[in-house]
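Take a look at the structure below.
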Amino acid sequence: MTCSVYIATSLDGYIARSDGDISWLHRPEYSASPMKGVQYTDFIRTIDTIVMGRNTFEKVLTFEPWPYAGTPLVVLSDSAVSIPRHLTDHVRVMAGEPTTVVNALAAEGKQHLYIDGGVTIQRFFSAGLIDDITITVIPVVLGDGIPLFASGIPEAQLTLTGCDASDNGFVQVRYTL
């Protein structure tokens, strides 16, 4: 089983503003030049299941169109989660520690998980389950927000597997653990 992270951060390490807003990721000037590095569409083709927390799921529900058509999605939550009727065949809820979730999905034959959402990434990272991480640094300083890595994350050695800079100022780094 492989667990991968593919995420964007501000230069100061935030994945969203404190209120969860990510509009800073979609500024028109960012699409003025092609992105270098691993493209999201190429990455998502390698994934057989997406695992994210409830807060990230609720944010993704606001996206039009639904960005994960054809890819099963697991929402991690210990409480009830409302899944829209049109997604009930593709989205399910699981509870449990990251190792338990990974083992259950592996038993179903899943091979490559996309781990998404700040707390979920931190929990899987702390459990030693993340195999590779792709971070695209966006040229903006937010000053405050939801960090990719919060205090208390264990120290880990990473190996750089790639780095690309795009003309729009994005820098994408790829690591294995």
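The values are calculated or read from the model by the stated rules, or taken from the named source; none is laboratory data. Source: prediction; values computed, not measured. Because the Cβ atoms are built from the backbone with ideal geometry, glycine has one as well, and the counts that use them run over all protein chains shown. For accessibility, only protein heavy atoms count, side chains too; no ligands or nucleic acids. Shrake-Rupley method; radii C 1.70, N 1.55, O 1.52, S 1.80 Å.
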Original post:
Can you give the accessible area per residue of segment 90-177, in Å², using a 1.4 Å probe?
Top reply: 49
**OP:** Using amide H atoms built 1.01 Å from N in the peptide plane, name the residues 5+ places from A16, or on other chains, whose amide H lies under 5 Å from its own.
**Re:** I146
Original post:
Among T71, T49, T136, which one shows the biggest mean-square fluctuation in a GNM of the chain, springs joining Cα atoms closer than 10 Å?
Top reply: T71
Original post:
If you plug each phi of segment 25-35 into the Karplus form 6.51 cos²θ - 1.76 cosθ + 1.60 with θ = phi - 60°, what whole-Hz ³J(HN,Hα) values come out, in order, with x for Gly and Pro?
Top reply: 7, 10, 6, x, 5, 5, 8, 6, 9, x, 7
Subject >> Pair-distance profile P(r), taking every C-alpha pair of segment 16-73, with 10 angstrom steps and integer % >> reply: 16, 44, 37, 2
**OP:** Find, among the chymotrypsin sites (Phe, Trp or Tyr not before Pro) in segment 47-136, those assigned to loop by DSSP (not H, G, I, E, B) with at most 14 other beta-carbon atoms within 10 angstrom.
**Re:** F63
Original post:
Which whole-number percent gives the relative contact order of the chain, counting Cα pairs below 8 Å spaced six or more residues apart?
Top reply: 39
**OP:** Sum up the charges of everything whose Cβ sits under 14 Å from the Cβ of F125, counting Lys and Arg as +1 and Asp and Glu as -1, but leave F125 out.
**Re:** -4
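Please state the equivalent ellipsoid semi-axes for segment 1-140: what are the square roots of 5 times the Cα gyration tensor eigenvalues, largest first, in whole Å?
They are 24, 17, 16 Å, listed largest first.
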**OP:** With runs of 4+ DSSP H residues as the only contributors, calculate the mean residue ellipticity of the chain at 222 nm using -39,500 (n - 2.57) per run, divided by the residue total and rounded to the nearest 500.
**Re:** -4500 deg cm²/dmol
Subject >> Bridge type composition, the chain - antiparallel percent by DSSP, nearest 5 >> reply: 40
Subject >> Of all accessible heavy-atom area on the chain, the percent that carbon and sulfur account for (1.4 Å) >> reply: 52
